[in-house]
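The values are calculated or read from the model by the stated rules, or taken from the named source; none is laboratory data. Note that this is a predicted model, so its numbers are computed, not measured. Positions of Cβ are backbone-derived with ideal geometry, glycine not excepted, and every protein chain shown enters the neighbour counts. Please note that ligands, DNA and RNA were not included when accessible areas were found on the heavy atoms of the full protein model with its side chains. Shrake-Rupley method; radii C 1.70, N 1.55, O 1.52, S 1.80 Å.
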Amino acid sequence: MRRWLKEPLLHFLAAGALLFGAYASLDRAAPAAAAREVRIGAGEVTWLTETWARQWGRQPTPDELGMLVTNLLKEELLAREARELRLDENDTIVRRRLAQKLEFLVQDTARLAEPTEDDLRRFHAAHPDRYATAARVTFAHVYFSRERRKDAAKDAGAALGALSAAPPPDPAALGDRLLLDAEFAGVDQGAVASAFGPDFARAVFALAPGGWHGPIASGYGVHLVRVARAEPARRREFAEVRAQVLEHWREERQREAEARFFAALLEKYDVVIEERVKPLVGPLGIARAAPEAAR
């Protein structure tokens, strides 16, 4: 046994094993040390200064800057320790904040490209309905209540004949009182639908200006209607809506960038969705955070 302990080969093997173990230990420690490094440098100070200046409209004082740097260091240390303790796992708020931050980055990236004037003009030409004024009408109506009359439609028909005579009677004396105005000036179809219902609005916008028409039903009863003026929808020129075109162009580029980004994520990750859940999944590029009440 003593002869083996004095053998040089054994000494060589023992020394090699010791060196290999030490190297492996150092090799494992190096990435761990790098991962634990928290570096605060000139770049971070510049970022803190610029962020403060944008928010408050002035440069921070030395004391304020010191506070900002100290808070950044504390925040970084707490965040590192929280990840070390795996506190970020299975946390709904953290997950949403991370997803929101990445979504903001995707949106900001999409807005880096600025369109040329020709790009905007082509976009304007490709979406004529988006940049058209709404059709508008000016009209008066006479209301006949179903609750107050035995046959409101019959009474409205008789009043229509009377209004066609010369001289016509005062329209206000023929019908019933309604909380809504008797005349509407320069209103679009949405406004009329909001007041009387969509069927009534469609009927009114189909009338030719001039005489009285009806009876036309609404949610309140029946009406006689006289359109005084009709303004058809018109396409607005590019110069009128350039600011809107620019914003819409940016929104469309943003949607396209989001669609590409999520398509790449779907390729990167194995997404498994149960068959009964699949109908609930919509386009990822359009999805937005749930309302506060639903959270």
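Taking the options Gln55, Gln59, name whichever one is at pLDDT 85 or above, among the polar types (S, T, N, Q) and over 32 Å from the mean Cα position of the chain (by Cα). Before you say what the answer is, go through the steps one by one.
On the way: Gln55 fails: over 32 Å from the mean Cα position of the chain (by Cα).
Being at pLDDT 85 or above, among the polar types (S, T, N, Q) and over 32 Å from the mean Cα position of the chain (by Cα) holds for just one of Gln55, Gln59, which is Gln59.
Residue-by-condition table, conditions (1) surrounded by 12 or more Cβ atoms within 10 Å (Cβ to Cβ); (2) among the charged types (D, E, K, R):
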{"residue": "Trp52", "(1), (2)": "yes, no"}
{"residue": "Trp56", "(1), (2)": "no, no"}
{"residue": "Thr61", "(1), (2)": "no, no"}
{"residue": "Glu64", "(1), (2)": "yes, yes"}
{"residue": "Leu77", "(1), (2)": "no, no"}
{"residue": "Glu81", "(1), (2)": "no, yes"}
{"residue": "Glu84", "(1), (2)": "no, yes"}
{"residue": "Ala135", "(1), (2)": "yes, no"}
{"residue": "Thr138", "(1), (2)": "yes, no"}
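How many of the residues in the range 115-169 are farther than 16 Å from His223 by Cα, assigned to a helix (DSSP H, G or I) and touching a residue at least 12 places away in the same chain (Cβ under 8 Å)?
Summing the residues that are farther than 16 Å from His223 by Cα, assigned to a helix (DSSP H, G or I) and touching a residue at least 12 places away in the same chain (Cβ under 8 Å) in the range 115-169 gives 7.
Which residue, of Ser194, Ser218, is free of Cβ contacts under 8 Å to residues at least 40 places away in the same chain, polar (S, T, N, Q) and farther than 27 Å from Asp129 by Cβ? So that I can check it myself, show each step before the final result.
Working: Ser194 fails: farther than 27 Å from Asp129 by Cβ.
Just a single option satisfies the conditions, and that option is Ser218.
State yes or no: is Ala35 modelled with pLDDT of 80 or more and assigned to a helix (DSSP H, G or I)? Break it down into steps so the answer makes sense when it comes.
Numbers: modelled with pLDDT of 80 or more: no; assigned to a helix (DSSP H, G or I): yes.
No: the conditions fail for Ala35.
Which of the residues spanning the range 261-295 are touching a helix residue (DSSP H, G or I) at 6+ places or on another chain (Cβ under 7 Å) and either in a helix (DSSP H, G or I) or at pLDDT 75 or above (or both)?
Across the range 261-295, the qualifying residue is only Phe261.
With (1) of a type in the set (D, E, K, R); (2) outside any strand (DSSP E or B); (3) surrounded by 13 or more Cβ atoms within 10 Å (Cβ to Cβ) as the list, and Arg226 as the residue in question, which single condition is left unmet?
Just one mismatch for Arg226, condition (2).
Can you name every residue in the range 102-126 that is at pLDDT 80 or above, within 26 Å of the chain's Cα centre (by Cα) and open to solvent by 90 Å² or more (accessible area, probe 1.4 Å)?
Passing the criteria: Glu114, Arg121, Arg122.
Picking from Glu258, Glu240, which residue would you name as being open to solvent by 70 Å² or more (accessible area, probe 1.4 Å) and at pLDDT below 90? Outline the logic, then answer.
Details: Glu258 fails: open to solvent by 70 Å² or more (accessible area, probe 1.4 Å).
Among Glu258, Glu240, only Glu240 is open to solvent by 70 Å² or more (accessible area, probe 1.4 Å) and at pLDDT below 90.
For the range 166-222, what are the residues that are polar (S, T, N, Q) and exposed (fewer than 15 other Cβ atoms within 10 Å of the Cβ)? Write out each step before concluding.
So the first thing to find is which residues in the range 166-222 are polar (S, T, N, Q), and the list is 189, 194, 218.
Ser194 - this is the single residue of the range 166-222 that is polar (S, T, N, Q) and exposed (fewer than 15 other Cβ atoms within 10 Å of the Cβ).
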